[in-house]
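Report on one structure; see the data block that follows.
The values are calculated or read from the model by the stated rules, or taken from the named source; none is laboratory data. On a predicted model such as this, the values are computed, not experimentally measured, just so you know. When we count neighbours, we look across all protein chains shown, and the Cβ atoms used for this are built from the backbone with ideal geometry, even at glycine. Keep in mind that these areas ignore ligands, DNA and RNA; they rest on the heavy atoms of the full protein, side chains included. Shrake-Rupley method; radii C 1.70, N 1.55, O 1.52, S 1.80 Å.
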Amino acid sequence: PDYAYMAEYAQQKRDTMFAKYRAYVEARIAELGKAVEIPALNEKEWRKFSAFGPSGLFEISTTNSSIDSIRLIDREKTIVPYVTRTDMNNGIARFVSLDNLSYGSDCAGCITVGLDTQTAFWQPHVFVTGQNIQVITGNKLSFYLAQFLIPLFKSQMRAKFNWGGNGATLGRMRRLELMLPVTDSGEPDYEYMEQYVKNMMLRKYQQYLEFINRQNVTEVD
């Protein structure tokens, strides 16, 4: 057995993986920019807001597609996310063909909510859905803001809804309230929430980069 060859082959594969990962992390750090010093969560003033409804911050509606899995149109090219109530893979159960857009679709830049499972995910692409999915939209929504809001939505849903007679219906969802950090004028501080998420992501990516660099130093030593 050529142990030296096998060890060198494995090392080359590992080096290639680390190089790709380093390039990805460095690109994400460059995209996020520098961290901005902001108050801690417990240093901000918080206020309760209606999440939806006439005086709410966002809009919520049923999905435009709601395709049962047995009705999905299968083709060779599958590029459209099929979002369901699963708690895995950003709610995406599989990718389907463009032909399924004929059932209807929802636009990118929204949060999907699985009613029975109290799941919530940001959707960056046009998608179709399974049953019992609701869609949260709003002019202020962005990827970074969604990462701040989604844990709050999930916390509220899990506290108020459950399987059976007290499920997360559209009417019940519209009565949800959120505690959010506010500006000096008492309005939701969207800029703060987005920057908080960016700072958290930057910290995590920098930790990943430090880990990769430590691996290289260890190998050289």
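With a probe of 1.4 Å, find how much accessible area the chain has per residue, and write the answer as a whole number in Å². Intermediate values should be presented prior to the final figure.
Working: 13250 Å² over 221 residues.
For the chain, the solvent-accessible area averages 60 Å² per residue.
Roughly how tilted is helix 190-220, in degrees to the nearest 10 and between 0 and 90, from the longest Cα axis of the chain?
With both axes taken from Cα atoms, the answer is about 20 degrees.
If one takes the longest principal axis of the Cα atoms in the chain, at what angle in degrees, from 0 to 90 and to the nearest 10, does the Cα axis of helix 143-160 lie?
60 degrees
Placing unit charges on C-beta atoms (Lys and Arg positive, Asp and Glu negative, everything else neutral), compute the dipole magnitude of the chain about its Cα centre in debye, rounded to 20. Present the calculation step by step, with values, prior to reporting the outcome.
Numbers: 25 positive and 25 negative charges, 119 e Å.
Dipole of the chain, to the nearest 20 debye: 560 debye.
Calculate how steeply helix 3-32 sits against the longest principal axis of the alpha-carbon atoms of the chain, using the helix alpha-carbon long axis, and give the answer as 0 to 90 degrees to the nearest 10.
Taking Cα atoms only, the helix is inclined about 40 degrees.
Run the helix sum for the chain: -39,500 (n - 2.57) per DSSP H stretch of 4+ residues, divided by residue count, reported at 222 nm to the nearest 500 deg cm²/dmol. Don't jump to the answer; show the numbers that get you there.
On the way: 4 runs with 83 residues, N = 221.
The per-residue figure over the chain is -13000 deg cm²/dmol.
Considering the options GLY56, GLN195, GLY33, tell which one lies farthest towards the positive end of the dipole of the chain, charges being +1 on Lys and Arg and -1 on Asp and Glu at the Cβ, about the Cα centre.
Among GLY56, GLN195, GLY33, the one farthest towards the positive end of the dipole of the chain is GLY56.
Mind checking which of ASN162, LEU72, TYR21 is farthest towards the positive end of the chain's charge dipole, using Cβ charges of +1 (Lys, Arg) and -1 (Asp, Glu) about the Cα centre?
ASN162
Before anything else, pin down the relative contact order of segment 1-152: Cα pairs under 8 Å, at least 6 apart, normalised by residue count, whole percent. Spell out each step's value before the answer.
Numbers: 220 pairs, mean separation 31.8, N = 152.
The value is 21 percent.
Along the positive direction of the dipole of segment 66-156 (beta-carbon charges: Lys, Arg +1; Asp, Glu -1; about the Cα centre), which of SER97, PHE148, PRO124 reaches farthest?
The Cα lying farthest towards the positive end belongs to PHE148.
If you take the alpha carbon radius of gyration of segment 46-90 and divide it by 2.2 N^0.38 Å, what ratio comes out, to two decimals? List each step's numbers first, then the result.
On the way: Rg = 16.5 Å, N = 45, 2.2 N^0.38 = 9.3 Å.
Cα-based Rg divided by the globular estimate yields 1.77.
If you place +1 on the Cβ of every Lys and Arg, -1 on the Cβ of every Asp and Glu, and leave all else neutral, what size is the dipole of segment 52-176 about its Cα centre, to the nearest 20 Debye?
On the way: 12 positive and 8 negative charges, 87 e Å.
Its charge dipole is roughly 420 debye.
Pairs LYS44/LYS140; LYS20/LYS77; LYS77/LYS140: which are spaced more than 23 Å apart, C-alpha to C-alpha?
Those over the limit are LYS20/LYS77; LYS77/LYS140.
How large is log10 I(q)/I(0) at q = 0.14, 0.18, 0.19 Å⁻¹ when the Debye formula is applied to the Cα atoms of segment 34-162, each weighted equally and without solvent?
Summing over Cα pairs of segment 34-162 leads to -0.66, -0.98, -1.07.
What net charge is computed for the residues neighbouring LEU178, neighbours being all others with C-beta under 10 Å from the C-beta of LEU178, Lys and Arg scored +1, Asp and Glu -1? Don't jump to the answer; show the numbers that get you there.
Values: positive: ARG47, LYS48; negative: GLU177.
So the surrounding residues net to +1.
Under a Cβ-Cβ cut-off of 12 Å, what is the net charge of the residues other than ALA51 that fall near it, where Lys and Arg count +1 and Asp and Glu count -1? If you can, show how the numbers build up before the last one.
Working: positive: LYS48, LYS160, ARG172, ARG174, ARG175; negative: GLU59, GLU177.
Net of charged neighbours comes to +3.
Under 15 Å from the Cβ of SER105, count the other residues' Cβ atoms, weight Lys and Arg +1, Asp and Glu -1, and hand me the total. Can you show the working numbers first?
Working: positive: ARG71; negative: ASP99, ASP106.
Combined, the nearby Lys, Arg, Asp and Glu give -1.
Sort 106-112, 26-32 by the packing proxy (mean of other Cβ within 10 Å over each peptide's residues), most packed first. Write out the running numbers ahead of the final one.
Working: 106-112: 18.6, 26-32: 12.7.
Most protected by this proxy first, the peptides run 106-112, 26-32.
For segment 1-73, what does the equivalent ellipsoid look like in terms of its semi-axes, each the square root of 5 times an eigenvalue of the Cα gyration tensor, given largest first in whole Å?
Numbers: eigenvalues 439, 174, 25 Å².
Working from the Cα gyration tensor, I get semi-axes of 47, 30, 11 Å.
Report, please, the projected area of segment 100-220 averaged over directions, based on the convex hull of its C-alpha atoms, in nm².
Details: hull surface 46.1 nm².
Mean projected area for segment 100-220: 11.5 nm², to one decimal.
Run through every distinct alpha carbon pair of the chain and return the Kirkwood hydrodynamic radius in angstroms, one decimal place.
Working: mean 1/r = 0.0493 Å⁻¹.
One decimal place: 20.3 Å for the Kirkwood radius.
How would you classify segment 102-151 from its alpha-carbon gyration tensor, with a ≥ b ≥ c the square roots of the eigenvalues: rounded for a/c under 1.5, else prolate if a/b is greater than b/c, otherwise oblate?
Cα axes put segment 102-151 in the oblate bin.
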